[in-house]
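Working notes for the structure below.
The values are calculated or read from the model by the stated rules, or taken from the named source; none is laboratory data. Because the structure is a prediction, the values reported are computed rather than measured. Glycine also receives a Cβ, built like all others from the backbone with ideal geometry; neighbour counts cover every protein chain displayed. Ligands, DNA and RNA are excluded from the accessible area calculation, which covers all protein heavy atoms including side chains. Shrake-Rupley method; radii C 1.70, N 1.55, O 1.52, S 1.80 Å.
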Amino acid sequence: MIIVETIDYRRGAVRIIDQSALPAVERYLDLGDVDALAGAIRTMKIRGAPAIGIAAAYGVLLALERALGGDRYAFDHGEPGRPVPIPEGTDARSLERAALEAIDLLGRTRPTAVNLFWALDRMRRAISGAGEDAAALCEAASAEAFALHDGELELERRIGEHGAALIKDGARILTHCNAGGLATAGYGTALAVIYAARGQGKDVQVFADETRPLLQGARLTAWELRRAGIPVTLLCDGAAASLIASGRIDAVITGADRVAANGDSANKIGTLGLAVSCARSGVPFYIAAPWSSIDMATPDGSMIPIEERDPLEVTRIQGVDIAPQGVSVYNPAFDVTPAELITALVTETGVIRRPDEGSLAEAARRAGCSPSRKPPRNP
Ligand code: MRU
């Protein structure tokens, strides 16, 4: 079911596909310490809300590897039950301190995707229950990180299944940014719906916005869909509104970085414009996202922190200046689509039509999510 080997934890290092190099170069990086991993998140070598969450959980394991300081690696996702080599005299408190420092560092890498804080919260809880026993702390941390990773993959499959029911045979679907295997544990959220519909034998054509400034649609979505053998047509972001208005799109599906308790959803900059165009033309606008992207502690979209990124992302493409030096730049990485423009939210527990405060709280209750859940810290 995996479309791309996006991330894994192997023999004491986090292995990621370097998304900043795709599609020209397909290379994997082995990150052996938490600073390197935090740098990879900041520079978007690893990106996409669920993938950032998995990376953060694995960052805590890297910090424990370093604090253990032995001559053998401690953790490997390929051997989850392997006993951790604990050097003589290892003190559980120093391990805990190293893990908490890593959680603090990783929590300051990117502000918008709530999966980052959700994953760090899970890791914090896992280690805090271990008491004075170094081996128990390591086992709890690795079990939690591997369970989080494995669980994401399974729920992406379920998102795909629920979402595929919304897709008719012959559908022409527009998507934005990359919400596929590269952004997740390997299957996707918005693209999981497309993979599942194709798996059911439906003919689906995909239109992918290029997604300026960092071109996740052109570089990543087009790459992974072509690799999966799914027909994809690339368009400039500015061409999307007229394509939707022309009647040649049956549905728009995107992922989300954070869904607030009232259904307002933050996703890659440009998503709001698509939702507005869909409303104008009567085209369904769907968001596919796991519960780990839904933040019941944030009441509405105005409270979602929106990352502003380096102006150079706008003024320079692949090292070449495309704007006059010194021009002022507006470069938010995300925008917020109000819930009223969202036809349905597809989660691993089902489809929430017309998401709002009431329908989300009810779905959260049925899914067993506590509405008081809080991300540990927003930078
Ligand atoms: O800045 P990015 O590339 O990390 O932004 C990613 C997106 O906006 C995705 O659409 C979102 O994370 C959903 S991924 C399943």
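Some notes on this structure:
- In Hz, Karplus ³J(HN,Hα) per residue of segment 241-249 (6.51, -1.76, 1.60; θ = phi - 60°; x = Gly, Pro): 4, 6, 5, 5, 5, 6, x, 9, 10
- Positive end of the dipole of the chain (Cβ unit charges, origin at the Cα centre): among T347, L31, P284, the Cα lying farthest that way belongs to P284.
- Enclosed volume per residue, in Å³, of the convex hull spanned by Cα atoms of segment 133-265: 142 Å³
- Estimated FRET transfer efficiency (M303, R72; beta-carbon r; R0 51 Å; 0.05): 0.65
- Simple Cβ-charge dipole of segment 221-299, Lys/Arg +1 and Asp/Glu -1, about Cα centre, in debye nearest 20: 220 debye
- Long-range lysine pairs (8 or more apart or interchain), the chain, Cα under 29 Å: 6
- C236 accessible area, 1.4 Å probe, all protein chains in place, Å² to nearest 10: 80 Å²
- Selection from G107, L312, T233, by position along the positive dipole direction of the chain (Cβ): T233
- Projected label points at D169 and R97, each 7 Å from Cα along the beta carbon direction, are separated by 6.6 nanometres.
- Label point distance in nm, R316-E154, each placed 7 Å from Cα along Cα→Cβ: 4.5 nm
- q = 0.13 Å⁻¹, the chain: log10 I(q)/I(0) [Debye, one scatterer per Cα]: -1.01
- Within the accessible surface of segment 82-198, defined with a 1.4 Å probe on protein heavy atoms only, the carbon and sulfur portion equals 49 percent.
- Check: the chain dipole with +1 on Lys, Arg Cβ and -1 on Asp, Glu Cβ, in debye: 780 debye
- Cα centroid separation - segment 306-354 against segment 173-229, whole Å: 17 Å
- Descending semi-axes in whole angstrom, ellipsoid equivalent of segment 166-367, from the Cα gyration tensor: 26, 22, 16
- Under a Gaussian network description of the chain, with springs only between Cα atoms under 10 Å, the residue in L243, L312, L166 that fluctuates furthest is L312.
- The alpha carbons of segment 220-270 occupy a box of 36, 28, 18 Å along the principal axes, longest dimension given first.
- Most fluctuating residue given options A339, A36, A102, as computed from a GNM of the chain linking Cα atoms under 10 Å: A36
- Two-decimal log10 I(q)/I(0) for segment 7-155, as the Debye equation yields it once each C-alpha is a single scatterer, q = 0.09, 0.12, 0.14, 0.16 Å⁻¹: -0.25, -0.44, -0.60, -0.78
- Per residue solvent-accessible surface (Å²) - segment 166-367, probe of 1.4 Å: 38 Å²
- Per residue, in Å², the accessible surface of segment 7-155 once ligands and nucleic acids are set aside, probe 1.4 Å: 38 Å²
- Were the residues from E26 through A147 laid out at 0.36 nm apart, the gain over their Cα-Cα distance would be 40.8 nm.
- Dipole moment magnitude, nearest 20 debye, segment 282-340 about Cα centre, only Lys, Arg, Asp, Glu C-beta charged: 140 debye
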